[in-house]
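Asks: I have a structure here, written as structure tokens, and I will follow up with some questions on it.
Throughout, read-outs are computed from the coordinates displayed, never taken from laboratory work. A quick note: this is a predicted structure, and the numbers were derived from the prediction, not measured. Note that we place each Cβ from the backbone using ideal geometry, even for glycine, and neighbour counts take in every protein chain shown.
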Amino acid sequence: MVVAMLARGGAATTMRIGLVTNAVPNQVRWPGLLGWIQEHAWLSFCLLGVVLIGLSEILAVFADMRAPGGLVDALLRENGDVVAPLGSAVVLRSLPRDASAFTDRREELWHLVIAVRTAQEQGGSLPVHVIDGMPAVGKTTFAVHVGHALKKLFPDGQLFVNLNGHTAGRSPVQASDALASLLTATGTPTQEIWVGDVAGAVTEARAGLWRSRLAGRKALLVLDNAASYGQFEALLPGSGGCLVLVTSRRRLAAHDEVVLAV
């Protein structure tokens with residue numbers, strides 16, 4: 001706002017200069033563009049004043065965006081949707097970079113996008129979509145591409161979690177640890193994330209909190225490299241408006257899923 005005030009002050013000063021310039025004797029002829037300004041002093045300086053006032057408004061907008069919370073609010077207005085943060089932090093957009101040249105799986109992508117759009121329009125619950133196949137066939141690339149293609153339909157967040165189900169040299173991520181990461185990413189204070197010695201109780205408590213955070217929201221969750229259905233079952237949102245994409249090398253069985261083999 002200080003910058004805007006300075007710009008407005010500059011505009012007022014310019015107007016005053018115009019008055020002084022207009023009072024210059026006509027016998028004194030200024031060269032070039034200055035001569036035109038001398039002949040049209042009122043018009044030229046009025047126009048300049050209007051331009052400066054417009055610039056001051058633009059500067060005011062940028063100053064507000066730089067203020068605490070201003071940039072966050074601007075980001076939340078992306079695509080015309082105002083997204084309420086789930087907690088003290090904005091829901092992260094943690095999808096990996098989309099492939100610059102995605103040419104394969106066009107038909108699968110089209111069917112999946114149409115299915116999701118149709119389910120949303122009809123108000124139905126979105127099933128879990130499991131993308132399975134052999135190593136290095138592009139499961140993750142496809143899931144990330146779908147996430148980017150559908151992100152406008154899920155303005156409350158697009159999150160990516162690598163479960164390391166088949167990563168050499170690394171242990172699969174436990175559901176309780178993945179839940180802690182998701183809750184932290186969505187702004188849940190650390191002191192509200194359940195801890196304890198009984199692993200099952202901790203997982204259940206964190207899963208309940210996670211489902212409550214996403215209740216009634218439209219978020220997209222990509223669970224990459226899952227080893228089993230049990231590894232990610234606790235991560236599934238309770239809200240039917242959330243889309244979950246799972247990639248795995250195995251054919252995972254569940255009661256509410258759509259399997260897409262790649």
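Asks: Please list 218-224, 145-151 highest first by mean number of surrounding beta-carbon atoms within 10 Å per residue.
Replies: Per-residue mean Cβ counts within 10 Å order the peptides as 218-224, 145-151.
Asks: When only Cα pairs under 8 Å and 6 or more residues apart are kept, what is the percent relative contact order across segment 106-261? Before the final figure, lay out each step's value.
Replies: Details: 255 pairs, mean separation 57.7, N = 156.
Relative contact order, segment 106-261: 37 percent.
Asks: If we count every other residue with Cβ under 10 angstrom of residue 183's Cβ, Lys/Arg +1 and Asp/Glu -1, where does the sum land?
Replies: Numbers: positive: 206, 213; negative: 192.
Cβ neighbours under 10 Å give a net charge of +1.
Asks: Still on this model: Please report Rg over Rh for segment 106-261, where both radii come from the alpha carbon positions and Rh follows the Kirkwood definition. It would help to have the intermediate numbers written out before the result.
Replies: Working: Rg = 15.2 Å, Rh = 15.9 Å.
Rounded to two decimals, Rg/Rh equals 0.95.
Asks: Enumerate the amide H contacts of residue 131 below 5 Å, restricted to partners 5 or more residues apart or on another chain; note that Pro and chain-start residues carry no placed amide H.
Replies: Those lying under 5 Å, H to H, from residue 131 are 246, 247, 248, 260.
Asks: In what sequence do 194, 210, 110 fall when counting other Cβ within 10 Å, fewest first?
Replies: Going from sparsest to densest Cβ surroundings: 110, 194, 210.
Asks: Got a sec? Which residues in segment 117-155 would a label at residue 250 touch, if it sits 7 Å along Cα→Cβ and we count backbone N under 16 Å?
Replies: Only 130-135 pass the distance filter.
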